[in-house]
Amino acid sequence: MRLPVSFRRNLRLLRIAHILATHGMAALAVRMRLFYPYVWLLQLLRGDELPKDLGAQIRLALEKLGPTFIKFGQMLSTRVDLLPMDVALELKKLQDDVPPEPFVRVRRVIEESFKRPLTGEDGLFAAFEEVPVAAASIAQVHFAELKDGRRVAVKVRRDHISRTIESDLAILELLAALFDRYFPEYRRLKAPQVIEEFSVTIRGELNLRAEAAHASRFAGNFASVEGVRVPEVLWDYTHTEVLTTERISGIPIDEKARLEAAGHDCLKLCERAATLFFHMVFIDGYFHADMHPGNIFVDEAGDIVLIDFGIVGRLDMKTRRYLADMLLAFLKEDYHRSAEVHLEAGFVPSDTDISAFEDALREIAVPIFNRSLGDISIAELLLSMFAVTERFKMETQPQLLLLQKTMVVIEGVARELADQANIWVLARPLISEWVTRHMGPLGKTEALASELRSQLLGWMQLPARIDRTIARLEAEGGPLAPETSRTTLIAGLLLMSGGSAWLAWLAAAGTAGGLMLVAGMVMAGGFALALAGA
């Protein structure tokens, strides 16, 4: 018999309070009113004080609380805008390593998903290996063989994991609300929003069909990139809880000795890793956000093969231009320009003291760029940059936090493959070409054109929005103006917005003379009409 949901939740909260109290965080549990008479008694008996190794204690506590909390800790390890650097670094040690699911449950998940036996005459597979080759908190992977002889890898979601995660997410939401309530001095950390962001990520990992779609998109993006590939997805054998791909045979990219013994050129692999990263970030704006070495293999042909696309990051063109501009400024040691880039991108408030911000950027960048070439880390630079968030009220950019996490892995892989290699130097020709194309005159013209199209669309929608607002106000409090006046106002706004957008377009295209005069007259006429109808 299953216990009531509320009772199970309270038991879970009691366990959380106990773990916090026994890992040097009793004061936190007491202040959040988590069974505080019990926690207070524990604190009194233990003489509890804040531990010197707080980061390690938090890591141990999360490990005891299970898979959802471990994944939450892994996400927090990238949030140096929220946590002290030493705690964030300690949380990076969290391992998503759990015992495999019993095979009887794996069989049940597959057979219920496809409404067919696992093997046999009417089965999905000709053969299916019961022992998994990999197991994590959400899913595990088994090798199998199709009826046509193809060898495949089958990723199967753990039985009932969705229910477990939803239950834990509800508890995390409650804890975030309590933290926000009882620690008003830390409301700037936006605990409920952090949990909401985490919830979106982990729920996305639960949908293996969505992961298949990510893999398919990456395969298309890498079609023109030499030496990089993604295993083919077999859609007829893929479901929300089951993902089947071609089976790959390769060596993990961090096992340098095995790679060299197999005859692979490690420097060439390093160059391919640099090209891969550059292509994902700058060309596609769509990157693998869980690129630990266990998800990167080298096959017999020397191709880099990526797997496990549960988490992806996205960068729009504006963010990519910001990133390129910021990196160029840092590489040129132009810290004033780097500060300006942040201001122009809107990542820091417009009233920021640009001189003080420049000094802060210089403070974190100079020690990094004073190292030998092979030790320069752009990932560390980004991490340190996020750490100045609180001081300058810099807006958190989740997509850049994911990118920084990916950079750490790629830079680490590059150093393992070639000691003194630096992916930024290897990718310099690609970056230079991209910058020339997208940051030069043509790229700036395209960016302006894109911005103008966006502005024009906004202006064209303005009269309709005003009309809806006026209609709503009239419905609430009676007529505001005669119908004819309102029509005149809307017509004037439409002409004014259209004329201004046309004028801006002509200016961007370098047009002069009569057309600009006509556009100006249309804008002025619209302004006059709007005044008459106001």
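The values are calculated or read from the model by the stated rules, or taken from the named source; none is laboratory data. Please read all numbers here as calculations on a predicted model, not as lab measurements. Cβ sites come from the backbone with ideal geometry, for glycine too, and all protein chains shown count toward neighbours. Side chains are part of the model used for accessible areas, which takes the heavy atoms of the whole protein and leaves out ligands, DNA and RNA. Shrake-Rupley method; radii C 1.70, N 1.55, O 1.52, S 1.80 Å.
With no solvent and one equal point scatterer per Cα, compute the Debye intensity ratio I(q)/I(0) for region 285-382 at 0.18, 0.21 Å⁻¹ and report its log10, rounded to two decimals. The calculated log intensity ratios at q = 0.18, 0.21 Å⁻¹ are -0.96, -1.08. Straight-line cross-link partners of Lys64 among the lysines, defined as a Cα under 19 Å from its Cα and at least 8 positions apart when in the same chain: Lys92, Lys93. Under 5 Å between amide hydrogens, built in the peptide plane, is the criterion, and for His239 it picks out Thr244 among residues at least 5 positions away or on other chains. In order along region 122-135, the Karplus-derived 3J(HN,Hα) couplings, from 6.51 cos²θ - 1.76 cosθ + 1.60 at θ = phi - 60°, round to 9, x, 5, 10, 6, 8, 8, 6, 6, 8, x, 8, 7, 9 Hz, and Gly and Pro are given as x. Cross-link partners for Lys332 among the lysines, with Cα-Cα distance under 25 Å and sequence neighbours closer than 8 places in the same chain left out: Lys318, Lys405, Lys444. Per residue, the accessible area of region 347-427 comes to 42 Å², computed with a 1.4 Å probe over protein heavy atoms only. Measuring nothing but alpha carbons in region 183-242 and taking Rh as the Kirkwood radius, the Rg to Rh ratio lands at 1.24.
Our analysis of region 96-166 gives Rg over Rh at 0.98, with the two radii drawn from alpha carbon positions and Rh computed by the Kirkwood formula. Evaluated on region 182-303, the Kirkwood hydrodynamic radius is 16.9 Å, with distances taken between all distinct Cα atoms. Its Cα gyration tensor gives region 330-404 an equivalent ellipsoid. The semi-axes, each the square root of 5 times an eigenvalue, are 20, 15, 10 Å from largest down.
Dipole size of region 146-283 about its Cα centre, with +1 on Lys/Arg Cβ and -1 on Asp/Glu Cβ: approximately 140 debye, rounded to the nearest 20. If R0 equals 30 Å, the separation of the Cβ atoms of Asp353 and Gln399 corresponds to a calculated FRET efficiency of about 0.70.
Full extension of the segment from Glu433 to Glu166, taken as 0.36 nm per residue of separation minus the current Cα-Cα distance, would add 91.5 nm. Here Arg314 and Arg371 are evaluated by their C-beta separation; at R0 = 30 Å the FRET efficiency comes out at 0.45.
Label-to-label distance for Val131 and Arg116 is 2.8 nm, based on points extended 7 Å past Cα in the beta-carbon direction. The heavy atoms of Arg247 present about 80 square angstrom of accessible area, all protein chains included, probe 1.4 Å.
Using Cα positions and a limit of under 16 Å, work out the aspartates and glutamates in reach of Lys190, with same-chain residues fewer than 8 apart set aside. Within the straight-line cut-off, Lys190 pairs with Asp81, Glu173, Asp180, Glu390, Glu395. Peptides 173-183, 350-360, 317-327, 282-292 ranked from most to least packed by the mean count of surrounding Cβ atoms within 10 Å: 282-292, 317-327, 173-183, 350-360.
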